[in-house]
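> What follows is a single structure, and I will ask about it in a moment.
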Amino acid sequence: MATIQTIQKKLDEEKTRLQKQLATLSAEDPLSGDMTEAHESGEDATRTAAHDRNIALRREVEMMLADVMDATKRVKEGTYGKCEVCHDAIEPARLALMPTAGLCMRCQQREEKRS
Ligand SMILES: [Zn+2]
């Protein structure tokens, strides 16, 4: 079982990695800052498509980042590793695979069925 310090370190590293990824993505966005200039002409359509892809990727990274922040908060509050729904301990194997997991396997499956 990983210690809380190891987990905290892992989460910090993940946070740094994701923030870097976000910065890279926003630097690569072909339409950053000039959204009002978007036209329907050929070249701009390509740029718009690349921009849309970029936005979608950034949204994904932002969601992962939010998960990391949530997990960091739980470490600080001392509730890390406990299921947010049933308050049982989350399976260690699951946490090893997904350090940001906030639900145990059972509750996660129930959530997925609902959506
Ligand atoms: Zn649970």
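The values are calculated or read from the model by the stated rules, or taken from the named source; none is laboratory data. Everything quoted here is computed from the prediction, not taken from an experiment. Cβ coordinates were reconstructed from backbone atoms using ideal geometry, including for glycine residues, and neighbour counts include every protein chain displayed.
> Please verify whether the range 34-45 includes one or more residues that are closer than 28 Å to Leu97 by Cα and either at pLDDT 95 or above or out of contact with any strand residue (DSSP E or B) (no Cβ under 8 Å at 6 or more places or on another chain) (or both).
The answer is no, given that none of the residues of the range 34-45 is closer than 28 Å to Leu97 by Cα and either at pLDDT 95 or above or out of contact with any strand residue (DSSP E or B) (no Cβ under 8 Å at 6 or more places or on another chain) (or both).
> Further question on the same structure: If the Cβ limit is 9 Å and pairs must be 6+ apart or interchain, which residue in the range 82-95 that is more than 12 Å from Arg106 (Cα to Cα) pairs with which residue that is near the ligand (Cβ under 7 Å from one of its atoms) and of a type in the set (Asp, Glu)?
Hits for this filter: Lys82/Asp88.
Results for (1) among the hydrophobic types (A, V, I, L, M, F, W, C); (2) closer than 25 Å to Lys15 by Cβ; (3) within 13 Å of the ligand (Cβ to nearest atom), shown as yes or no for each residue.
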residue	(1), (2), (3)
Val68	yes, yes, no
Lys73	no, yes, no
Lys76	no, yes, no
Tyr80	no, yes, no
Pro92	no, yes, no
Thr100	no, yes, no
Leu103	yes, yes, yes
Gln108	no, yes, yes
Arg114	no, no, no
